[in-house]
Amino acid sequence: MNGRAIQAETDRLSACFAKAGAQTVYTDVLQPADTLLDLYGEDIRGRSYLTSDPALGEMVLRPDFTVPVVQMHMQSHANPARYTYAGRVFRKQDVNPGRATEFVQVGFEVMGGDDPAAAEAEVFATIRAALGDLPLRAATGDIGVLMAAVRGLRTTQARKDALMRHIWRPRRFRALLDRFGGRTPPPASRTALLALTDPLDGAPALAGVRTRAEIAARIASLREDAAAAPISASEIALLDVILDLRASAPQALGRLRDIAIDMPAIEPAVTRMHARLNALHLRGIDVDALEFEGSYGRTALEYYDGFVFGFYAAEGHQPPVATGGRYDALTARLGDTDVPAVGGVIRPDLVLAVRGHV
């Protein structure tokens with residue numbers, strides 16, 4: 001695609017966000033890899049371009065802007081603050097080799113403030129306005145509902161922690177849920193190990209990095225999990241309803257209110273969703289036309305913890321033209337306190353692609 005056209009569209013989108021009150025910020029293309037590894041674990045290596053610097057250590061080509069922008073904000077402590085940025089990001093595409101590995105993002109972030117629903121509506125409406133009259137389908141979801149449901153399960157904290165770690169890995173999440181619910185048996189090797197009175201008795205000399213005490217602690221945690229009662233079939237059924245939910249946003253809200261009767265842990269998240277839909281309506285968004293998917297956002301980078309959204313071409317199977325959501329927990333991990341934060345990005349090249357087909 002013509003580089004000049006992409007730059008012109010980038011400038012147009014940046015001007016839209018600046019007009020909305022956003023301060024333009026810049027981040028380095030090379031970012032310290034340790035921050036991303038601490039946040040997302042070794043899985044991020046498979047999706048990022050890593051390199052080594054003799055003085056700075058392991059570095060990564062910027063996979064997105066959110067982390068460095070949050071770090072910048074946590075130093076300024078402005079409240080509220082609006083930011084915009086533009087530049088290239090780099091993503092490996094092992095699963096989807098046909099997708100671009102390098103592309104431009106233009107972003108809009110709102111941090112701080114005392115009305116989360118209004119901030120979410122502002123970001124969504126501002127990004128939709130910047131996209132103009134393009135024929136796009138809007139999809140929404142709420143990771144916070146699923147997180148609240150997991151936290152409210154009547155099971156061990158260790159099991160809830162494991163499920164929370166894998167919310168963004170749907171297959172692994174499902175495998176864990178099936179095992180914790182007694183639908184699938186534990187691995188035979190684990191059953192054989194736990195059948196031993198002392199699995200470490202007669203074991204060969206340690207050759208790895210873990211100590212004998214660490215191995216013993218892990219075996220103890222496996223015994224505790226094996227002794228725990230299965231997650232009830234009724235709770236798993238409610239989780240399945242949440243994950244499979246696909247409806248208009250108002251209809252989804254009604255379904256989630258019904259689920260909250262039997263799963264009260266999700267009630268605060270459902271209340272936040274209600275406030276968000278009201279705020280979107282005040283911004284002129286037709287909420288009856290908004291799609292809601294209970295699993296939406298679970299394959300994105302692992303920092304969204306609430307409202308998530310995306311805009312897609314009405315036809316074809318291209319990546320989303322724009323995506324965004326809430327990521328309060330990320331600010332707490334990158335600073336000394338949590339700050340309400342919500343934002344989104346637009347890909348100028350995909351805007352031009354859609355426009356060219358209109």
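For the reader, a short list of remarks on this structure follows.
- The chain: calculated mean residue ellipticity at 222 nm from DSSP helix runs of at least 4, using -39500 (n - 2.57): -14000 deg cm²/dmol
- Accessible area per residue (1.4 Å probe, heavy atoms of protein chains only) ranks Leu61, Leu282 as Leu282, Leu61, with the largest value leading.
- Inter-part distance where segment 222-261 and segment 314-353 are each reduced to a Cα centre, Å: 26
- Compared with the dominant Cα axis of the chain, that is its longest principal axis, helix 233-244 is turned about 20°.
- Where Lys160, Lys19, Lys92 fall by accessible area, highest first, once all protein chains stay in place (1.4 Å): Lys19, Lys92, Lys160
- Amide H contacts of Ser48: Lys92, each under 5 Å away and 5 or more positions distant or on a separate chain (H built 1.01 Å from N in the peptide plane; Pro and chain starts excluded).
- Phi-based couplings in Hz for segment 247-253 (Karplus 6.51, -1.76, 1.60; Gly and Pro marked x): 6, 5, 4, x, 5, 4, 4
- When +1 charges are put on Lys and Arg Cβ atoms and -1 charges on Asp and Glu Cβ atoms, the dipole computed for segment 1-80 relative to its Cα centre reaches about 460 debye.
- Heavy-atom surface analysis with a 1.4 Å probe gives the chain a carbon and sulfur content of 53 percent of its accessible area.
- Amide hydrogen neighbours beyond the local backbone of Thr184, cut-off 5 Å, H modeled: Arg179
- Rounded to 0.05, the FRET efficiency of the Thr337 and Ala175 pair, given R0 = 41 Å and the Cβ-Cβ distance, is 0.70.
- Here r is the Cβ-Cβ distance between Ala78 and Glu315 and R0 is 51 Å; the resulting FRET efficiency, rounded to 0.05, is 0.80.
- A simple rule links phi to the HN-Hα coupling: the Karplus curve 6.51 cos²θ - 1.76 cosθ + 1.60 with θ = phi - 60°, which for segment 75-82 gives 7, 8, 6, 5, 8, x, 9, 10 Hz, with x for Gly and Pro.
- Sites Ala353 and Ala289, calculated FRET efficiency, Cβ-Cβ separation with R0 22 Å, nearest 0.05: 0.45
- Entry comment: accessible area of the chain is 50 Å² per residue, from protein heavy atoms only and a probe of 1.4 Å.
- Put simply, the amide H of Leu290, placed in the peptide plane, has neighbours under 5 Å in Ala249, leaving out anything fewer than 5 places away on its chain.
- Note that segment 323-332 has calculated 3J(HN,Hα) couplings of 9, x, x, 8, 8, 4, 4, 5, 5, 5 Hz, one per residue in order, obtained from phi through the Karplus relation 6.51 cos²θ - 1.76 cosθ + 1.60 (θ = phi - 60°); glycine and proline are x.
- Linear extension gain, Ala18 paired with Ala228, 0.36 nm per residue minus alpha-carbon span: 70.2 nm
The values are calculated or read from the model by the stated rules, or taken from the named source; none is laboratory data. It should be emphasised that the depicted structure is a prediction, and the values quoted were computed from it without experimental measurement. Cβ atoms come from the backbone with ideal geometry, glycine included; neighbour counts cover every protein chain shown. Ligands, DNA and RNA are excluded from the accessible area calculation, which covers all protein heavy atoms including side chains. Shrake-Rupley method; radii C 1.70, N 1.55, O 1.52, S 1.80 Å.
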